Each structure stands twice: as C-alpha cells, then as structure tokens.
C-alpha cells in the first residue's frame, strides 16, 4: 500500500471489479477514455484474468482513509529496458474536484521515480480535457506530441495529446516545492 494524506493506493483486487466496471461504464468517465464500449461483468472478469498475466501493466485502487473505492491508477506500457511507463487516473465523479487527482499523481509519480527507478512517465489526454492538461502541466508534464483526430467524441474527431515528465524535471519541480506528498 502507498499512503497519501487523503488517499491510499492499493493493488487492484477482484473485490474492486464491479465498482471499476460501473465507473468504466459511466459516461462522465468514459468520455475521456479511448473506448466507450460498455463493459459486461464477464468482460471485466476476463480482463482482470489477463491483467494478472501481463507484467507491463499495474492497476491500483484509489481509496479514502475509510477504505471507500474512489477510482483507479492505471499503469501500462511499462518498458523496463527504457524505464518508461504510461499512467492514468480515473476518479468517480462524486469524488472529483477535491484535489484527489493532484494528490494521487504527486505521490504516485514520486513512487514510480524513486521506488521503481522509472525515468519517464507519460500519458495521453484528450484535447478537450482542459482541467487535466492544466493539472499535468502544473506537475511538470510537457507536451510531446499530438495524435491528430484520434478520439471520436461529441460527434467529432478530437486530438489525443501525449505528455510526459522525466525524473530530472520532476526532481527540479519537487525542489521548488511542487509536487509534494507532504
């Protein structure tokens, strides 16, 4: 378990699957994801079985201090040779706009750099998700490029923005007092 001030990060377990499925099927969440195909219970269980066999992926639950499931941290495309990993966080709408994503990114990215020896943390964000882009910039992520018209939402094609933060950039940002898990 990785402990933050207001949240704990735990390995995703079978007990989380139904809440994860409900979150994944929520239009307020999946509008920002690559796929909006509804997930059935069977599909969720099969995905979870495959997840356990793939060493390039790690999924975690985000829980409050009382143990309530609030969302997930997704890590995939872990390239152990080049020390790079893709990250994403999804939080139930009821828990959004409370600083939980900021807190979670702060201490989880720190964990990836300091404990797992990652050099580069990257993510994809749909271009119309302006609050997320602002958060990532605040945390030291830089725009690397654009996947043009890669996501079809709201009856039009939208760009996917690739952003990353490198360990040395993160450490400089940390030394200026941000990000921090304290």
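Kindly evaluate residue 123 against the criterion of being in contact with a strand residue (DSSP E or B) (Cβ under 9 Å, 6 or more places away or on another chain) and either surrounded by 14 or more Cβ atoms within 10 Å (Cβ to Cβ) or not in a helix (DSSP H, G or I) (or both). So residue 123 fits the description; yes. Residue-level analysis places residue 160 outside the set of residues that are in contact with a helix residue (DSSP H, G or I) (Cβ under 7 Å, 6 or more places away or on another chain) and modelled with pLDDT of 95 or more. With respect to the stated conditions, residue 101 fails to be in a helix (DSSP H, G or I), under 26 Å from residue 22 (Cα atoms), modelled with pLDDT under 95 and over 15 Å from the mean Cα position of the chain (by Cα).
One residue stands out in region 59-85 among those that are over 25 Å from residue 97 (Cα atoms) and touching a helix residue (DSSP H, G or I) at 6+ places or on another chain (Cβ under 9 Å): the one that is surrounded by the fewest Cβ atoms within 10 Å (Cβ to Cβ), namely 83.
When 90, 76, 115 are checked against the criterion of being under 19 Å from residue 2 (Cβ atoms) and in contact (Cβ under 8 Å) with a residue 40 or more places away in the chain, a single residue qualifies: 90.
As for region 33-54, it holds at least one residue that is within 12 Å of the chain's Cα centre (by Cα) and on the phi < 0 side of the Ramachandran plot. Is there a residue in region 139-147 that is touching a strand residue (DSSP E or B) at 6+ places or on another chain (Cβ under 9 Å), within 25 Å of residue 37 (Cα to Cα) and part of a strand (DSSP E or B)? Yes, some residue in region 139-147 is touching a strand residue (DSSP E or B) at 6+ places or on another chain (Cβ under 9 Å), within 25 Å of residue 37 (Cα to Cα) and part of a strand (DSSP E or B).
Among residues of region 1-19 being out of contact with any helix residue (DSSP H, G or I) (no Cβ under 6 Å at 6 or more places or on another chain) and in a helix (DSSP H, G or I), the one that is farthest from residue 69 (Cα to Cα) is 14.
Cβ-Cβ under 6 Å, sequence separation 6+ or interchain: first residue in region 122-141 and more than 17 Å from residue 86 (Cβ to Cβ), partner crowded, with 20+ Cβ neighbours inside 10 Å and at pLDDT 95 or above. Which pairs? Going by the 6 Å Cβ cut-off, the qualifying pairs are 127/161.
Residues of region 101-112 that are within 18 Å of residue 137 (Cβ to Cβ), in contact (Cβ under 8 Å) with a residue 40 or more places away in the chain and in contact with a strand residue (DSSP E or B) (Cβ under 7 Å, 6 or more places away or on another chain): 103, 104, 105, 108, 109. Among the residues of region 20-35, those that are surrounded by 14 or more Cβ atoms within 10 Å (Cβ to Cβ), part of a helix (DSSP H, G or I) and either touching a helix residue (DSSP H, G or I) at 6+ places or on another chain (Cβ under 9 Å) or touching a residue at least 60 places away in the same chain (Cβ under 8 Å) (or both) comprise 20, 21, 23, 24, 29, 30. For region 40-60, state whether one or more residues are at pLDDT 95 or above, farther than 23 Å from residue 162 by Cβ and part of a loop (DSSP other than H, G, I, E, B). Within region 40-60 (the criterion being at pLDDT 95 or above, farther than 23 Å from residue 162 by Cβ and part of a loop (DSSP other than H, G, I, E, B)), the answer is yes, since at least one residue qualifies.
The values are calculated or read from the model by the stated rules, or taken from the named source; none is laboratory data. Please read these numbers as outputs of a predicted model, since none were measured by experiment. Note: ideal-geometry Cβ built from the backbone for every residue, glycine included; neighbour counts use all protein chains shown.
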